[in-house]
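S.K.: The structure under discussion is supplied below as structure tokens; questions concerning it will follow.
No lab work stands behind these numbers, since they all come straight from the coordinates. Everything numeric in this text was worked out from a predicted model, so none of it was measured. Glycine also receives a Cβ, built like all others from the backbone with ideal geometry; neighbour counts cover every protein chain displayed.
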Amino acid sequence: MDDVERFSQVTNTQTSDLFSLSGKVVLVTGGAGLLGQVFCQAFADSGAQVVVVDIDQTAAKSVSSAISKKSGQKVSGFGCDITSPESVAQMVAAVVSDFGRIDVLVNNAASKGSSLDEFFKPFEEYSLQTWRQVMAVNIDGLFLVAQAVGKQMKLQGGGSIIQTSSIYGVLAPDQRIYEGSQYNGRAINTPAVYSASKAAVLGLTSYLSTYWAESGIRVNSLTPGGISSGQNKTFDDKYSNRVPLGRMGQASELTGALIYLASDASSYVTGQNLIVDGGLSTW
């Protein structure tokens, strides 16, 4: 083996190791949801032990069982109401008891409230009750989970926290694309509460990244653009026409960025918002 071959082999090994999550314990809230399931599978495929957390305990356990069988990794499901400090504290204690530590938190849970009819109402008719229901999960819940897991990470000497935002926490939605647009057969829009809550995620991320830096805890945001998940062709076409890459994204296309932020490959990255949007935000 000559020097070039030897250097190439060493470099490839080191690069591969940077992205490895072998032996890491990763906790994902909203783990039984659309993105959460994909995230949990990607972490297990990357060698991590995975904690699937969801308000629906039955779904969390079902998802964890399926991923464990497919990946061969230890994967467990936990029910948790992230709007309740007591429920969050109990969940974190149970996870630490079972897994011993938490190396990575993906603060991913989000809500549309108790009624889709109320969630999609025009701004002028929006109720404070629905606003508070959504905020209770989308930002209050993230605060409670980050607080509880951050305490544990400080005891361990560090960790990585990734908080899921949205392109509509960065940009205002183009209201023109919603005429004739549907999601699973119903008319849709992006309500103000969603944009406001996802923008708040970015503010919390920035704050925590500096607050916990000395404790070795990195905090970053992952911001997806439009992800194909049941929208009709009208919406797909209108949205895709605004994207430089000319299409909506797939949930699986977020996992590369996610693994990067969770792994040692991003050891010098904190306080950042990694946008995966097909170029939409560059216009």
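S.K.: Nearest 10 degrees is fine. How inclined is helix 3-18 to the longest principal axis of the chain, computing both from alpha carbons?
M.R.: The angle comes out at about 50 degrees.
S.K.: Amide H to amide H under 5 Å from GLN163: which residues, 5+ apart in sequence or cross-chain, H placed 1.01 Å off N in plane?
M.R.: Residues meeting the amide H criterion: ASN107, ASN220, SER221, LEU222.
S.K.: Around PHE120, what is the net charge, scoring Lys/Arg as +1 and Asp/Glu as -1 over all other residues with Cβ under 12 Å from its Cβ?
M.R.: Details: positive: LYS112, LYS121, ARG186; negative: ASP117, GLU118, GLU125.
With Lys, Arg at +1 and Asp, Glu at -1, the neighbours total 0.
S.K.: Ranking TYR207, TYR194, TYR268 by Cβ neighbours within 10 Å, fewest first, what do you get? All intermediate terms of the calculation are to be shown ahead of the outcome.
M.R.: Numbers: TYR207 12, TYR194 20, TYR268 7.
Fewest to most other Cβ atoms nearby, the residues stand as TYR268, TYR207, TYR194.
S.K.: Under a Cβ-only charge scheme (Lys and Arg +1, Asp and Glu -1), can you give me the dipole magnitude of the chain about the Cα centre, in debye to the nearest 20? Before the final figure, lay out the partial values.
M.R.: Working: 20 positive and 24 negative charges, 52 e Å.
For the chain, the charge dipole is close to 260 debye.
S.K.: Below 8 Å between Cα atoms, with a sequence gap of 6+, how large is the relative contact order for segment 89-181 in percent?
M.R.: On the way: 68 pairs, mean separation 36.7, N = 93.
RCO, segment 89-181: 39 percent.
S.K.: Next question, about the same structure. How would ASP140, ASP17, ASP54 line up from fewest to most surrounding beta-carbon atoms within 10 angstrom? Each step should come with its number before you reach the end.
M.R.: Values: ASP140 17, ASP17 12, ASP54 27.
The most exposed by this proxy come first: ASP17, ASP140, ASP54.
S.K.: Okay, moving on. Let me spell out the model: positive unit charges on the Cβ of Lys and Arg, negative unit charges on the Cβ of Asp and Glu, origin at the Cα centre of segment 103-231. What dipole size does that give, in debye rounded to 20?
M.R.: Numbers: 9 positive and 9 negative charges, 54 e Å.
Roughly 260 debye for segment 103-231.
S.K.: Moving on to the next point. Helix-only estimate, please: 222 nm mean residue ellipticity of the chain, summing -39500 (n - 2.57) across DSSP H runs of length 4 or more and dividing by its residues, to the nearest 500.
M.R.: Numbers: 10 runs with 121 residues, N = 283.
Rounded to the nearest 500, the figure is -13500 deg cm²/dmol.
S.K.: Taking only C-alpha pairs under 8 Å that are 6+ residues apart, what is the relative contact order of the chain in percent? Mind showing how you got there, number by number?
M.R.: On the way: 529 pairs, mean separation 48.6, N = 283.
Relative contact order, the chain: 17 percent.
S.K.: Towards the positive end of the charge dipole of segment 84-229, with charges on Cβ (+1 Lys, Arg; -1 Asp, Glu), say which of ASN220, GLY180, GLN133 has the farthest Cα.
M.R.: ASN220
S.K.: Could you point to the residue in ALA265, PRO244, ALA200 farthest towards the positive end of the chain's charge dipole, with +1 and -1 charges on the Cβ of Lys/Arg and Asp/Glu respectively?
M.R.: ALA200
S.K.: May I have the count of lysine pairs in the chain with C-alpha atoms under 14 Å apart, counting pairs 8 or more residues apart or located on different chains? Let's see the in-between values first.
M.R.: On the way: LYS24/LYS74; LYS61/LYS69; LYS61/LYS74; LYS112/LYS121; LYS112/LYS198.
Eligible lysine pairs with Cα atoms under 14 Å apart amount to 5.
S.K.: If r is the Cβ-Cβ distance from ASP236 to ALA94 and R0 is 45 Å, what FRET efficiency results, to the nearest 0.05? Mind dumping the intermediate values first?
M.R.: Details: r = 41 Å, r/R0 = 0.91.
According to the calculation, E is roughly 0.65.
S.K.: Test of understanding: ordering LEU258, LEU35 by Cβ neighbours within 10 Å, fewest first, what list do you get?
M.R.: LEU35, LEU258
S.K.: Over segment 37-118, calculate the relative contact order: mean separation of alpha carbon pairs under 8 Å at least 6 apart, over the residue count, as a percent. Kindly include the intermediate steps, with their values, before the conclusion.
M.R.: On the way: 92 pairs, mean separation 18.8, N = 82.
The value is 23 percent.
S.K.: What is the sum of charges, Lys and Arg at +1 and Asp and Glu at -1, for the other residues whose Cβ falls under 13 Å from the Cβ of ILE102?
M.R.: Values: positive: LYS24, ARG101, LYS151, LYS154; negative: ASP98, ASP103.
Surrounding charge for ILE102 is +2.
S.K.: With mean projected area of the Cα convex hull in nm² defined as stated, name the option among (1) 22.9; (2) 18.9; (3) 17.0 computed from the structure displayed.
M.R.: Structure-derived value, by its label: (3).
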